[in-house]
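The values are calculated or read from the model by the stated rules, or taken from the named source; none is laboratory data. If you're wondering where the values come from, they're calculated on a predicted model, not measured in any experiment. Heads up, the Cβs are rebuilt from the backbone with ideal geometry, glycines too, and the neighbour counts pull from every protein chain shown.
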Amino acid sequence: MDVCDNSEDDSPHEISVFVDVPEDHLLGSSDKHREVELNKAAIDQVLVAVRYTLDHHSQSPGTISIRLVSDDAIARLHERTMNISGPTDVLTFDLSDEQSDHEDGEAHRVEGDIVISLDTAAREATNRQHALTHELMLYAIHATLHLLGFDDRNESDAAGMHAEEDKILTALGVGAVYGRPVN
């Protein structure tokens, strides 16, 4: 299935979501499988999360493409782009111009690609006993924060970034997702 959704035409941001997994794609461990349904409402919530993150940080209009893929697909990309084997939850690719400011003093335009593992999101959502949509929103916000210059390379920066993710999710009515304990 390859679906593109770029709703909310009055937004200054161009955000697209593509789902690149077979329609019969099953997720879960060998003893427990479940089919993941991504309906328009779930995709819209991911779009809302990214738009809110950009707006919350007073970001000028941006263009972001979000691709939801399988663990196998993200593992291949992880190996090819970062030389790290195995799947990961989300990869962020900053495609914006290196200049941080335009001549008129306006902040640079955010442009980037976000790749999210649907398999990993489904596993984590199950482990943390919350909706898949909430996990996808977390990953999309995390990647958008990277595009805005946030970093999580050291413990202090990671704590600040995760706190910002949970702050945004709380403002969106979801509540803390990263900070929830694993059951």
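Structure above, values below:
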read-out	value
Scan of segment 68-95 for residues that are outside any strand (DSSP E or B), among the polar types (S, T, N, Q) and either within 13 Å of the chain's Cα centre (by Cα) or farther than 20 Å from residue 42 by Cα (or both), ordered by number	81, 83, 85, 88
Test result for residue 29, within 29 Å of residue 176 (Cβ to Cβ), surrounded by fewer than 11 Cβ atoms within 10 Å (Cβ to Cβ) and at pLDDT below 70	yes
Residues satisfying the stated conditions in segment 171-183, i.e. free of Cβ contacts under 8 Å to residues at least 12 places away in the same chain and either over 25 Å from residue 42 (Cβ atoms) or over 16 Å from the mean Cα position of the chain (by Cα) (or both)	173, 175
Members of segment 119-133 that are more than 15 Å from residue 176 (Cα to Cα), polar (S, T, N, Q) and touching a helix residue (DSSP H, G or I) at 6+ places or on another chain (Cβ under 7 Å)	120
Residues of segment 114-155 that turn out to be in contact (Cβ under 8 Å) with a residue 40 or more places away in the chain, more than 20 Å from residue 58 (Cβ to Cβ) and assigned to a loop (DSSP other than H, G, I, E, B), as a count	2
Options 170, 144, 133, 120; residue that is modelled with pLDDT of 90 or more, over 22 Å from residue 68 (Cα atoms) and among the polar types (S, T, N, Q)	170
Test: residue in segment 80-102 that is of a type in the set (Lys, Arg), modelled with pLDDT of 95 or more and exposed (fewer than 15 other Cβ atoms within 10 Å of the Cβ)	yes
